[in-house]
Amino acid sequence: MKSAGNKNSSSLIILLTLFVLFTNIHLSARDSWDDVTRIVAIGDIHGDYTQMFSLLKSTGLIDKSGNWIGGTTHLVQTGDIPDRGPDTAKIITFFMRLEKQARRKGGYVHMLIGNHEAMNMIGDLRYVIPEEYAALKTRKSAQLRDRYYAGSIQWMKANLPPESMPVFDEAHRAQWDLKYPLGYVEHRRAWSANGEFGSWVAKHNAVIRINNILFMHGGLGPAFAETSLKQLNSSVLQALQDVGSITTTSKTVLEHEEGPLWYRGLAQHEQQSERAHLDSLLQAHQVQHLVLGHTVTEGSIKPRFKGAVILIDTGMSAHYGSHAAALLIEDNNFFAVQRGQKIPLPFSGDALIAYYEAVAALEPDSARLDRYIATLKQAGVPVVEEEVNKVVEKAGIQ
């Protein structure tokens, strides 16, 4: 017979276990924060560890060793860590550690889900570069690839008609090895729903609210205008968990052109045509600003709709010219941090031109931004947003 003490101990263990489980579920499901005094938001990284590290250091979030010194700051990264650059695995490992450090110091690291995270999990590898596979090679890579090759032959023999069957000779194997380099098998395992990278991605949200600001990767089109944060995040996470047996329904939110991972209308469409939709989004979520990545700017933090939309994919990675910049929000005051300089961020008028000129002066290559500034000046000062938009679209810049 168990003693009363043992029974009580067992009950306490059960209660503690349940508490931990439900606490973790609550934390993983949380999508809104209020009364945050300092926010740093950065856009698409695309495999460039050097630019990312330098930017976080310049915003006072990490020290020279990469340790969190940001105190209670909330860092938001709006997705698209992988593809186009070589350092994806290194960046993910870095943020896995930084998340834990920030929480211990009272801060927060919000790693949002972008379309490239979803693409890697689904198996859309169009933008994965060879160096990303090579970074995951181990001593067992050749053996793993041999087993994968043998399995693929077995599958083809069981499923392909004789007339479609390739000749499995040395030439076929050499061609196959080019398509599936060493590290490929490890890459697919890491990005699976239960893999190291995939399971980590699926712990995060696609859309969050901090104070009066909504953060996400792409945007939200009319098809998702009335969808709550909880519904958006739940549908994205469920779809990622279903990778391997994706249904038409779950696939929609990951690849829908108006979904939070892909929509570009708020970044690219004529502002007059998008204004009513934007107003409905702001009203539905009771916010004043949307902060978006996904659509590359001319190399700077870029406000649209008089600051109701702020674009922060500045082309950080070397693939886009190494234009690293962060959005800094302190006590509801907005700044851009570019090349270590903190610059107030105006939302319209002649001050906006002055802001872009200040940024251009800091950039080694500001050709695209210089052309954009020229269109702003052509539209006249103070800037009339709709006229600027028309000039920009006609010039083919946006």
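Coordinate-derived values only; no laboratory data. Please read these numbers as outputs of a predicted model, since none were measured by experiment. Please note: Cβ atoms are built from the backbone with ideal geometry, for glycine as well, and neighbour counts cover all protein chains shown.
When each of the peptides 144-156, 345-357, 259-271 is scored by the mean number of other C-beta atoms lying within 10 Å of its residues, the order from highest to lowest reads 259-271, 345-357, 144-156. Pairs exceeding a 28 Å alpha-carbon distance, out of LYS100/LYS140; LYS57/LYS179; LYS57/LYS302; LYS306/LYS377; LYS64/LYS179: LYS100/LYS140; LYS57/LYS179; LYS64/LYS179. Reducing the stretch 310-376 and the stretch 266-288 to their Cα centroids gives an inter-centroid distance of 22 Å. For the pair LYS377 and ARG30 in one chain, pulling the backbone fully straight at 0.36 nm per residue adds 120.5 nm over the alpha carbon distance. With all projection directions averaged, the alpha carbon convex hull of the chain covers 26.7 nm².
Along the axis of the charge dipole computed for the chain (Cβ charges of +1 for Lys and Arg, -1 for Asp and Glu, origin at the Cα centre), the listed residues ALA193, SER317, ALA374 are led at the positive end by ALA193. The Cα trace of the stretch 138-182 gives Rg and Dmax of 11.5, 37 Å, the first to one decimal, the second as a whole number. Taking the chain as a Gaussian network of alpha-carbon nodes connected by springs under 10 Å, the highest mean-square fluctuation of the residues GLY43, GLY60, GLY218 belongs to GLY60.
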